[in-house]
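Undergrad: Handing you a structure now.
The values are calculated or read from the model by the stated rules, or taken from the named source; none is laboratory data. This one's a predicted model, so the numbers in the text were calculated from it and none came from an experiment. For neighbour counting, all protein chains shown are included, and Cβ atoms are generated from backbone atoms with ideal geometry for every residue, glycine included.
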Amino acid sequence: MSSLADLINLDLSDSTDQIIAEYIWIGGSGLDMRSKARTLPGPVTDPSQLPKWNYDGSSTGQAPGDDSEVIIYPQAIFKDPFRRGNNILVMCDAYTPAGEPIPTNKRHAAAKIFEDPSVVAEETWYGIEQEYTLLQKDIKWPVGWPVGGFPGPQGPYYCGVGADKAFGRDIVDSHYKACLYAGINVSGTNGEVMPGQWEFQVGPTVGIAAADQVWVARYILERITELAGVVLSLDPKPIPVCFLFHHYS
């Protein structure tokens, strides 16, 4: 009998040309990630080849219960590091059935800016540093911190090495490799100033692709922490100490 791990890692390419596409979008808080999967008849190389889809916006805080349908438009595709093969992750943005961007869809307006010929000619480069904190699941306290207590003073943890300085490196390294596999331009990662706090960098990447890649990198990280049984916090001040930095040239 196959184990759960065997089935999770099952390679579909030997038995079907069909692929699984995981559609990803931003939820009603503007920070939470949502996703659901669908079967497609074969490999896809461009988001224009993908069908639009829908979801219940009343369950994500993005539509009223009496008019809850929200349509998601595929905008960028990435290789799926979880299912692998020809399976893909699809970054989407959200619209009403009439084709109007919903209020939490900030990508629509950004895309118009980045499509402006003067902006295209400028070839804007972005480098984004995303700090995050790994929290113990049941108590929402950073990994590496004593329960109900605090770690030693700042100093040994930044870019630190060792079991008493670096907490969660298996998650960090898994995320780094998964992002590179997916096609995300991750340029580095490092431990931050407190135990359980880390950072990854995306870029330099041109235009709106930088934002798409950061969101999918966040999604991949959330999936990995789900598997690891820890909680991901992107809160700028969860304890408080985390930030998101943007570099532009």
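Undergrad: For the condition farther than 21 Å from Ile102 by Cα and either modelled with pLDDT of 95 or more or among the hydrophobic types (A, V, I, L, M, F, W, C) (or both), what is the one hit in Val90, Val44, Val70? Outline the logic, then answer.
TA: Details: Val90 fails: farther than 21 Å from Ile102 by Cα; Val70 fails: farther than 21 Å from Ile102 by Cα.
Unique residue meeting the criteria: Val44.
Undergrad: Going through region 98-121 one residue at a time, which ones are basic (Lys, Arg) and either farther than 22 Å from Gly61 by Cα or not in a helix (DSSP H, G or I) (or both)? If you could, list the steps in order and put the result at the bottom.
TA: Residues of region 98-121 that are basic (Lys, Arg), as a first pass: 106-107, 112.
Listed by number, the residues that qualify are Lys106, Lys112.
Undergrad: Further question: Restricting to region 51-67, what's the tally of residues that are exposed (fewer than 14 other Cβ atoms within 10 Å of the Cβ), at pLDDT 95 or above and assigned to a loop (DSSP other than H, G, I, E, B)?
TA: Summing the residues that are exposed (fewer than 14 other Cβ atoms within 10 Å of the Cβ), at pLDDT 95 or above and assigned to a loop (DSSP other than H, G, I, E, B) in region 51-67 gives 3.
Undergrad: Return yes or no: is Ala94 more than 30 Å from Asp6 (Cβ to Cβ), in contact (Cβ under 8 Å) with a residue 60 or more places away in the chain, among the aliphatic types (A, V, I, L, M) and not assigned by TED's automatic domain parsing to the domain that holds Thr16? It would help to see each step written out before you state the result.
TA: On the way: more than 30 Å from Asp6 (Cβ to Cβ): yes; in contact (Cβ under 8 Å) with a residue 60 or more places away in the chain: yes; among the aliphatic types (A, V, I, L, M): yes; not assigned by TED's automatic domain parsing to the domain that holds Thr16: no.
No.
Undergrad: If you scan region 6-17, which residues turn out to be surrounded by 15 or more Cβ atoms within 10 Å (Cβ to Cβ) and part of a loop (DSSP other than H, G, I, E, B)?
TA: First, pick out the residues of region 6-17 that are surrounded by 15 or more Cβ atoms within 10 Å (Cβ to Cβ): 12.
None; the set is empty.
Undergrad: Under 7 Å between Cβ atoms, which residue pairs at least 6 apart in sequence (or on different chains) link something in region 213-242 that is among the polar types (S, T, N, Q) and buried (at least 20 other Cβ atoms within 10 Å of the Cβ) with a partner that is part of a loop (DSSP other than H, G, I, E, B) and modelled with pLDDT of 95 or more?
TA: Taking only residues 6 or more apart or on different chains, the pairs are Gln213/Ile184; Gln213/Asn185.
Undergrad: Within region 33-47, identify whether any single residue is part of a strand (DSSP E or B), acidic (Asp, Glu) and over 17 Å from Ile220 (Cα atoms), and answer yes or no. Steps first, answer last, please.
TA: Applying the first criterion (part of a strand (DSSP E or B)) to region 33-47 yields 33-40.
Still in the list and also acidic (Asp, Glu): none.
No, every residue in region 33-47 fails to be part of a strand (DSSP E or B), acidic (Asp, Glu) and over 17 Å from Ile220 (Cα atoms).
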